[in-house]
Ligand SMILES: *[C@@H]1O[C@H](CO)[C@@H](O)[C@H](O)[C@H]1NC(C)=O
Ligand SMILES: *[C@@H]1O[C@H](CO)[C@@H](O)[C@H](O)[C@H]1NC(C)=O
Ligand SMILES: *[C@@H]1O[C@H](CO)[C@@H](O)[C@H](O)[C@H]1NC(C)=O
Ligand SMILES: *[C@@H]1O[C@H](CO)[C@@H](O)[C@H](O)[C@H]1NC(C)=O
Ligand SMILES: *[C@@H]1O[C@H](CO)[C@@H](O)[C@H](O)[C@H]1NC(C)=O
(Lines give C-alpha, C1' and ligand atoms only; values in the text may rest on other atoms or scores of the structure.)
(Ligands and ions follow the chains in the order given, each with its own letter.)
Protein backbone atom coordinates (compact mmCIF):
# COMPACT_ATOMS: atom_id res chain seq x y z
CA UNK A 1 0.00 0.00 0.00
CA UNK A 2 1.21 3.35 -0.84
CA UNK A 3 0.02 6.28 0.99
CA UNK A 4 0.21 9.59 -0.66
CA UNK A 5 0.28 12.55 1.50
CA UNK A 6 -0.05 15.87 -0.12
CA UNK A 7 0.85 19.03 1.57
CA UNK A 8 -0.54 22.10 0.11
CA UNK A 9 1.37 25.06 1.15
CA UNK A 10 0.05 28.50 0.58
CA UNK A 11 2.54 31.21 0.78
CA UNK A 12 1.24 34.67 1.09
CA UNK A 13 3.61 37.29 -0.19
CA UNK A 14 3.09 40.57 1.40
CA UNK A 15 5.18 43.15 -0.39
CA UNK A 16 5.39 46.81 -0.02
CA UNK A 17 3.04 48.99 -2.04
CA UNK A 18 3.41 48.29 -5.82
CA UNK A 19 5.98 50.53 -7.59
CA UNK A 20 6.58 51.27 -11.32
CA UNK A 21 8.93 48.58 -12.61
CA UNK A 22 12.39 49.88 -13.54
CA UNK A 23 12.92 50.06 -17.31
CA UNK A 24 16.14 48.32 -18.33
CA UNK A 25 17.13 49.69 -21.74
CA UNK A 26 18.30 47.35 -24.48
CA UNK A 27 21.82 47.30 -25.76
CA UNK A 28 22.61 49.90 -28.43
CA UNK A 29 23.21 48.74 -32.03
CA UNK A 30 25.80 49.39 -34.75
CA UNK A 31 28.52 50.52 -32.39
CA UNK A 32 31.44 51.70 -34.55
CA UNK A 33 34.60 53.77 -34.36
CA UNK A 34 35.36 55.88 -37.43
CA UNK A 35 38.38 57.56 -38.89
CA UNK A 36 38.90 60.71 -36.85
CA UNK A 37 37.72 59.02 -33.64
CA UNK A 38 33.94 59.44 -33.91
CA UNK A 39 32.27 56.64 -31.93
CA UNK A 40 28.69 56.15 -33.14
CA UNK A 41 25.77 53.85 -32.37
CA UNK A 42 22.03 53.60 -32.90
CA UNK A 43 19.11 52.82 -30.62
CA UNK A 44 16.54 50.20 -31.46
CA UNK A 45 13.48 52.08 -32.85
CA UNK A 46 11.28 49.92 -30.59
CA UNK A 47 13.25 50.74 -27.45
CA UNK A 48 10.57 50.86 -24.73
CA UNK A 49 12.62 52.83 -22.19
CA UNK A 50 13.22 56.52 -22.21
CA UNK A 51 16.97 56.83 -22.38
CA UNK A 52 18.33 59.79 -20.48
CA UNK A 53 21.95 59.40 -21.47
CA UNK A 54 24.62 56.91 -22.50
CA UNK A 55 27.57 55.94 -20.39
CA UNK A 56 30.59 55.63 -22.71
CA UNK A 57 33.79 54.03 -21.57
CA UNK A 58 37.04 53.58 -23.50
CA UNK A 59 39.73 51.28 -22.13
CA UNK A 60 43.11 51.29 -23.79
CA UNK A 61 45.64 48.51 -23.76
CA UNK A 62 48.04 50.70 -21.79
CA UNK A 63 45.85 51.07 -18.68
CA UNK A 64 44.45 54.33 -20.02
CA UNK A 65 40.73 54.69 -19.35
CA UNK A 66 38.23 57.34 -20.24
CA UNK A 67 34.55 57.64 -19.18
CA UNK A 68 31.93 60.16 -20.32
CA UNK A 69 28.13 60.47 -20.28
CA UNK A 70 26.48 61.80 -23.45
CA UNK A 71 22.93 62.40 -24.69
CA UNK A 72 23.78 62.18 -28.41
CA UNK A 73 24.26 58.90 -30.27
CA UNK A 74 27.96 59.61 -30.81
CA UNK A 75 30.96 60.92 -29.02
CA UNK A 76 34.12 62.55 -30.35
CA UNK A 77 37.10 60.51 -29.18
CA UNK A 78 39.58 62.06 -31.60
CA UNK A 79 41.98 62.70 -28.74
CA UNK A 80 42.49 58.95 -28.17
CA UNK A 81 45.62 57.47 -29.65
CA UNK A 82 45.25 55.95 -33.13
CA UNK A 83 46.40 52.37 -33.66
CA UNK A 84 46.13 51.54 -29.99
CA UNK A 85 43.63 48.77 -29.19
CA UNK A 86 40.61 50.17 -27.40
CA UNK A 87 37.62 48.52 -25.76
CA UNK A 88 34.59 50.74 -26.20
CA UNK A 89 31.56 50.15 -23.95
CA UNK A 90 28.26 51.96 -24.35
CA UNK A 91 25.46 51.51 -21.78
CA UNK A 92 22.10 53.29 -22.04
CA UNK A 93 20.82 54.74 -18.75
CA UNK A 94 17.11 55.14 -18.09
CA UNK A 95 15.88 56.85 -14.94
CA UNK A 96 19.11 56.09 -13.21
CA UNK A 97 18.98 52.40 -14.18
CA UNK A 98 21.83 50.97 -16.25
CA UNK A 99 20.68 49.13 -19.35
CA UNK A 100 22.48 46.42 -21.27
CA UNK A 101 26.02 47.16 -22.37
CA UNK A 102 27.42 46.93 -25.90
CA UNK A 103 31.13 46.44 -26.36
CA UNK A 104 33.55 46.45 -29.30
CA UNK A 105 37.30 46.08 -29.43
CA UNK A 106 38.90 48.08 -32.18
CA UNK A 107 41.51 50.66 -32.93
CA UNK A 108 41.06 54.18 -34.21
CA UNK A 109 42.13 54.07 -37.86
CA UNK A 110 44.94 56.20 -39.25
CA UNK A 111 43.56 59.58 -40.38
CA UNK A 112 43.53 60.62 -44.01
CA UNK A 113 46.13 63.34 -43.57
CA UNK A 114 48.76 61.01 -42.10
CA UNK A 115 52.20 61.20 -43.69
CA UNK A 116 52.66 57.93 -45.63
CA UNK A 117 56.14 58.71 -46.93
CA UNK A 118 58.65 55.87 -46.69
CA UNK A 119 61.87 56.64 -44.87
CA UNK A 120 63.66 53.89 -46.82
CA UNK A 121 62.93 50.95 -49.09
CA UNK A 122 65.89 48.59 -49.28
CA UNK A 123 66.15 45.62 -51.60
CA UNK A 124 68.85 42.99 -51.01
CA UNK A 125 69.56 39.79 -52.93
CA UNK A 126 70.19 37.02 -50.42
CA UNK A 127 70.14 33.90 -52.58
CA UNK A 128 68.99 32.72 -55.98
CA UNK A 129 65.27 33.00 -55.21
CA UNK A 130 65.40 35.09 -52.07
CA UNK A 131 65.16 38.85 -52.17
CA UNK A 132 64.82 40.66 -48.86
CA UNK A 133 62.74 43.84 -48.76
CA UNK A 134 63.04 46.23 -45.84
CA UNK A 135 61.14 49.45 -45.38
CA UNK A 136 59.81 51.84 -42.80
CA UNK A 137 57.62 54.90 -42.54
CA UNK A 138 59.16 58.28 -41.98
CA UNK A 139 56.59 59.34 -39.38
CA UNK A 140 55.42 56.91 -36.69
CA UNK A 141 52.96 59.26 -34.97
CA UNK A 142 49.90 57.24 -35.99
CA UNK A 143 51.33 53.72 -36.05
CA UNK A 144 50.58 51.31 -38.89
CA UNK A 145 47.42 49.41 -37.85
CA UNK A 146 45.45 50.18 -41.02
CA UNK A 147 48.42 50.33 -43.38
CA UNK A 148 49.35 47.91 -46.08
CA UNK A 149 52.34 48.19 -48.39
CA UNK A 150 51.80 47.57 -52.07
CA UNK A 151 54.80 46.39 -54.07
CA UNK A 152 54.52 46.33 -57.84
CA UNK A 153 57.19 44.14 -59.43
CA UNK A 154 57.77 44.87 -63.10
CA UNK A 155 59.80 42.54 -65.30
CA UNK A 156 61.60 45.13 -67.44
CA UNK A 157 62.13 42.60 -70.25
CA UNK A 158 58.48 41.65 -70.72
CA UNK A 159 56.76 44.55 -68.86
CA UNK A 160 54.74 41.97 -66.94
CA UNK A 161 53.70 43.29 -63.53
CA UNK A 162 52.84 41.48 -60.37
CA UNK A 163 51.48 43.18 -57.23
CA UNK A 164 52.06 41.92 -53.71
CA UNK A 165 50.59 43.32 -50.51
CA UNK A 166 52.71 43.31 -47.39
CA UNK A 167 52.49 44.38 -43.78
CA UNK A 168 55.19 44.93 -41.19
CA UNK A 169 58.65 46.19 -42.06
CA UNK A 170 60.34 43.40 -43.99
CA UNK A 171 59.50 40.51 -46.29
CA UNK A 172 61.18 37.80 -48.34
CA UNK A 173 60.19 37.47 -51.99
CA UNK A 174 60.85 33.98 -53.31
CA UNK A 175 59.58 34.08 -56.89
CA UNK A 176 62.08 36.36 -58.61
CA UNK A 177 64.48 34.84 -61.10
CA UNK A 178 68.18 35.49 -61.67
CA UNK A 179 69.13 37.19 -64.95
CA UNK A 180 65.92 39.25 -65.16
CA UNK A 181 65.94 43.03 -64.72
CA UNK A 182 63.16 44.07 -62.35
CA UNK A 183 61.78 47.36 -61.13
CA UNK A 184 60.16 47.32 -57.70
CA UNK A 185 57.94 50.13 -56.49
CA UNK A 186 56.50 50.34 -53.00
CA UNK A 187 53.92 52.62 -51.47
CA UNK A 188 52.04 52.63 -48.18
CA UNK A 189 48.25 52.38 -48.50
CA UNK A 190 45.88 53.45 -45.73
CA UNK A 191 43.14 50.84 -46.07
CA UNK A 192 40.89 52.58 -43.52
CA UNK A 193 39.77 55.23 -45.97
CA UNK A 194 39.29 53.48 -49.25
CA UNK A 195 43.01 53.20 -49.89
CA UNK A 196 44.79 56.55 -49.65
CA UNK A 197 48.25 56.01 -51.13
CA UNK A 198 51.58 57.39 -50.05
CA UNK A 199 54.43 58.42 -52.37
CA UNK A 200 56.30 55.81 -54.42
CA UNK A 201 59.73 54.47 -53.61
CA UNK A 202 61.48 52.81 -56.58
CA UNK A 203 64.33 50.29 -56.73
CA UNK A 204 65.85 48.43 -59.66
CA UNK A 205 67.08 44.92 -59.13
CA UNK A 206 68.81 42.17 -61.03
CA UNK A 207 69.67 38.93 -59.28
CA UNK A 208 73.04 37.78 -60.63
CA UNK A 209 73.29 34.68 -62.82
CA UNK A 210 73.12 31.35 -60.99
CA UNK A 211 73.86 27.88 -62.42
CA UNK A 212 70.89 25.60 -62.94
CA UNK A 213 69.73 23.10 -60.37
CA UNK A 214 70.84 19.59 -61.45
CA UNK A 215 68.51 18.11 -64.11
CA UNK A 216 66.03 15.40 -63.05
CA UNK A 217 65.60 12.12 -64.88
CA UNK A 218 62.03 11.77 -66.12
CA UNK A 219 62.22 8.73 -68.33
CA UNK A 220 64.80 6.17 -69.42
CA UNK A 221 64.58 3.32 -71.92
CA UNK A 222 67.41 0.83 -72.10
CA UNK A 223 68.16 -1.25 -75.20
CA UNK A 224 71.08 -3.48 -76.17
CA UNK A 225 72.89 -0.77 -78.18
CA UNK A 226 71.45 2.47 -76.96
CA UNK A 227 69.85 4.35 -74.09
CA UNK A 228 67.05 6.82 -74.60
CA UNK A 229 66.40 9.39 -71.84
CA UNK A 230 64.45 12.50 -71.11
CA UNK A 231 65.50 15.00 -68.47
CA UNK A 232 63.56 17.76 -66.78
CA UNK A 233 65.32 21.09 -66.35
CA UNK A 234 64.81 23.59 -63.54
CA UNK A 235 61.55 25.57 -63.67
CA UNK A 236 61.91 28.37 -66.20
CA UNK A 237 60.25 30.87 -63.85
CA UNK A 238 62.78 30.32 -61.09
CA UNK A 239 65.90 30.55 -63.21
CA UNK A 240 65.68 32.36 -66.49
CA UNK A 241 69.43 32.54 -67.11
CA UNK A 242 69.72 31.17 -70.65
CA UNK A 243 70.64 27.49 -70.94
CA UNK A 244 73.42 26.75 -73.38
CA UNK A 245 74.12 23.00 -73.44
CA UNK A 246 73.05 19.74 -71.92
CA UNK A 247 75.81 17.15 -71.35
CA UNK A 248 75.87 13.39 -71.04
CA UNK A 249 79.49 12.70 -70.20
CA UNK A 250 80.50 9.05 -70.29
CA UNK A 251 84.24 9.67 -70.26
CA UNK A 252 86.05 7.64 -72.92
CA UNK A 253 82.92 5.72 -73.95
CA UNK A 254 80.91 8.73 -75.17
CA UNK A 255 80.56 12.42 -74.53
CA UNK A 256 77.40 13.99 -75.87
CA UNK A 257 76.46 17.64 -75.75
CA UNK A 258 72.99 18.76 -76.78
CA UNK A 259 72.56 22.46 -77.58
CA UNK A 260 69.43 23.80 -75.86
CA UNK A 261 67.31 26.52 -77.44
CA UNK A 262 65.64 27.23 -74.06
CA UNK A 263 62.23 28.47 -75.17
CA UNK A 264 59.78 29.91 -72.64
CA UNK A 265 58.38 27.03 -70.60
CA UNK A 266 61.59 25.04 -70.98
CA UNK A 267 60.46 21.56 -72.17
CA UNK A 268 62.39 18.42 -71.15
CA UNK A 269 65.57 17.49 -73.04
CA UNK A 270 65.54 14.18 -74.95
CA UNK A 271 68.83 12.45 -75.64
CA UNK A 272 69.92 9.16 -77.20
CA UNK A 273 73.21 7.52 -76.41
CA UNK A 274 73.98 5.18 -79.30
CA UNK A 275 76.68 2.76 -80.35
CA UNK A 276 76.77 0.93 -77.03
CA UNK A 277 77.76 -2.68 -76.32
CA UNK A 278 75.12 -5.12 -75.04
CA UNK A 279 75.22 -6.33 -71.40
CA UNK A 280 77.68 -3.64 -70.42
CA UNK A 281 77.63 -1.25 -67.49
CA UNK A 282 78.14 2.37 -68.46
CA UNK A 283 78.77 5.09 -65.91
CA UNK A 284 78.20 8.67 -66.89
CA UNK A 285 77.20 12.00 -65.47
CA UNK A 286 74.57 14.43 -66.63
CA UNK A 287 74.68 18.17 -66.14
CA UNK A 288 73.48 21.36 -67.72
CA UNK A 289 75.28 24.60 -68.54
CA UNK A 290 73.74 28.07 -68.47
CA UNK A 291 75.17 31.58 -68.62
CA UNK A 292 76.46 31.20 -65.05
CA UNK A 293 78.27 27.90 -65.67
CA UNK A 294 77.54 24.23 -65.14
CA UNK A 295 75.14 22.66 -62.65
CA UNK A 296 76.01 19.95 -60.20
CA UNK A 297 76.38 16.66 -62.14
CA UNK A 298 73.95 13.77 -61.68
CA UNK A 299 75.83 10.44 -61.59
CA UNK A 300 74.28 7.52 -63.51
CA UNK A 301 75.16 3.85 -64.02
CA UNK A 302 73.22 1.81 -66.58
CA UNK A 303 73.59 -1.77 -67.79
CA UNK A 304 72.55 -2.25 -71.40
CA UNK A 305 70.17 -5.09 -72.34
CA UNK A 306 71.30 -8.47 -73.65
CA UNK A 307 71.09 -9.05 -77.38
CA UNK A 308 68.08 -10.94 -78.73
C1 LIG B 1 29.94 61.82 -35.51
O2 LIG B 1 28.87 61.09 -36.11
C3 LIG B 1 27.60 61.71 -35.93
C4 LIG B 1 26.56 60.74 -36.45
O5 LIG B 1 26.86 60.27 -37.72
C6 LIG B 1 27.57 63.05 -36.63
O7 LIG B 1 26.34 63.66 -36.46
C8 LIG B 1 28.70 63.91 -36.04
O9 LIG B 1 28.76 65.14 -36.70
C10 LIG B 1 30.01 63.19 -36.11
N11 LIG B 1 31.04 63.97 -35.43
C12 LIG B 1 32.22 64.21 -35.96
C13 LIG B 1 33.20 64.97 -35.11
O14 LIG B 1 32.52 63.81 -37.08
C1 LIG C 1 68.93 50.86 -46.16
O2 LIG C 1 69.90 51.28 -47.11
C3 LIG C 1 70.61 52.44 -46.70
C4 LIG C 1 71.51 52.86 -47.86
O5 LIG C 1 72.20 51.75 -48.38
C6 LIG C 1 71.41 52.13 -45.44
O7 LIG C 1 72.10 53.28 -45.02
C8 LIG C 1 70.43 51.69 -44.35
O9 LIG C 1 71.16 51.29 -43.20
C10 LIG C 1 69.57 50.52 -44.85
N11 LIG C 1 68.57 50.26 -43.83
C12 LIG C 1 68.29 49.03 -43.40
C13 LIG C 1 67.27 48.91 -42.34
O14 LIG C 1 68.82 48.03 -43.86
C1 LIG D 1 54.47 63.38 -37.88
O2 LIG D 1 53.07 63.52 -38.11
C3 LIG D 1 52.41 64.29 -37.11
C4 LIG D 1 50.91 64.21 -37.36
O5 LIG D 1 50.58 64.17 -38.71
C6 LIG D 1 52.95 65.70 -37.13
O7 LIG D 1 52.32 66.47 -36.12
C8 LIG D 1 54.46 65.65 -36.86
O9 LIG D 1 55.00 66.96 -36.98
C10 LIG D 1 55.14 64.74 -37.85
N11 LIG D 1 56.55 64.56 -37.47
C12 LIG D 1 57.55 64.70 -38.33
C13 LIG D 1 58.91 64.48 -37.78
O14 LIG D 1 57.35 65.00 -39.49
C1 LIG E 1 83.02 16.10 -72.33
O2 LIG E 1 82.72 17.32 -73.00
C3 LIG E 1 82.71 18.48 -72.15
C4 LIG E 1 82.28 19.67 -72.98
O5 LIG E 1 82.65 19.56 -74.29
C6 LIG E 1 84.06 18.65 -71.52
O7 LIG E 1 84.04 19.76 -70.64
C8 LIG E 1 84.43 17.42 -70.73
O9 LIG E 1 85.71 17.52 -70.19
C10 LIG E 1 84.37 16.19 -71.64
N11 LIG E 1 84.59 14.99 -70.81
C12 LIG E 1 85.61 14.18 -71.01
C13 LIG E 1 85.72 13.00 -70.10
O14 LIG E 1 86.42 14.38 -71.90
C1 LIG F 1 66.20 8.87 -80.22
O2 LIG F 1 66.05 7.66 -80.92
C3 LIG F 1 64.72 7.32 -81.29
C4 LIG F 1 64.70 5.94 -81.95
O5 LIG F 1 65.67 5.89 -82.94
C6 LIG F 1 64.15 8.41 -82.18
O7 LIG F 1 62.80 8.15 -82.47
C8 LIG F 1 64.26 9.77 -81.47
O9 LIG F 1 63.83 10.80 -82.31
C10 LIG F 1 65.65 10.04 -81.02
N11 LIG F 1 65.67 11.25 -80.21
C12 LIG F 1 66.64 12.16 -80.33
C13 LIG F 1 66.47 13.36 -79.45
O14 LIG F 1 67.55 12.05 -81.12
Please report, ordered by residue number, the strands (runs of 3 or more DSSP E) entirely within the range 112-156 with at least 2 residues that are within 21 Å of residue 85 (Cα to Cα). 147-155
What do you reckon, is residue 240 in contact (Cβ under 8 Å) with a residue 60 or more places away in the chain and either in a loop (DSSP other than H, G, I, E, B) or within 16 Å of ligand 4 (Cβ to nearest atom) (or both)? yes
Every residue in the range 183-215 that is in contact with a strand residue (DSSP E or B) (Cβ under 8 Å, 6 or more places away or on another chain) and at positive phi, please. 195
Exactly one of these conditions fails for residue 223: (1) in contact with a strand residue (DSSP E or B) (Cβ under 9 Å, 6 or more places away or on another chain); (2) modelled with pLDDT of 95 or more. Give me its number. (1)
Among the residues listed as 36, 99, 60, the single one being surrounded by 14 or more Cβ atoms within 10 Å (Cβ to Cβ) and within 16 Å of ligand 3 (Cβ to nearest atom): 36
Enumeration of residues in the range 201-226 that are closer than 18 Å to residue 288 by Cβ and in a strand (DSSP E or B): 216, 217, 218, 219, 220
Quick one: which of 161, 117 is away from ligand 2 (no atom under 13 Å from the Cβ), at pLDDT 95 or above and over 30 Å from residue 235 (Cβ atoms)? 117
Please verify whether residue 66 is under 30 Å from residue 144 (Cβ atoms), surrounded by 12 or more Cβ atoms within 10 Å (Cβ to Cβ), over 34 Å from the mean Cα position of the chain (by Cα) and modelled with pLDDT under 95, treating the condition exactly as stated. yes
Would you check which residues across the range 253-305 are within 17 Å of residue 242 (Cα to Cα), away from ligand 5 (no atom under 15 Å from the Cβ) and in a loop (DSSP other than H, G, I, E, B) and list them? 262, 263, 264, 265, 266, 291, 292, 295, 296
Unique match (being away from ligand 2 (no atom under 16 Å from the Cβ) and surrounded by 18 or more Cβ atoms within 10 Å (Cβ to Cβ)) among 273, 302, 258: 273
Looking at (1) loosely packed, with under 15 Cβ neighbours inside 10 Å; (2) within 20 Å of residue 213 (Cα to Cα); (3) within 16 Å of ligand 4 (Cβ to nearest atom), can you tell me which one residue 267 breaks? (3)
Give me the pairs, please: first residue somewhere in the range 262-281 and over 12 Å from residue 227 (Cβ atoms), second residue anywhere and within 16 Å of ligand 4 (Cβ to nearest atom) and assigned to a loop (DSSP other than H, G, I, E, B), beta-carbon distance under 8 Å, and either six or more positions apart or on two chains. 269/215; 269/260
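The values are calculated or read from the model by the stated rules, or taken from the named source; none is laboratory data. Keep in mind the model is a prediction, meaning the values are calculated, not measured. No Cβ is skipped: glycine too gets one built from the backbone with ideal geometry, and neighbour counts run over all protein chains shown.
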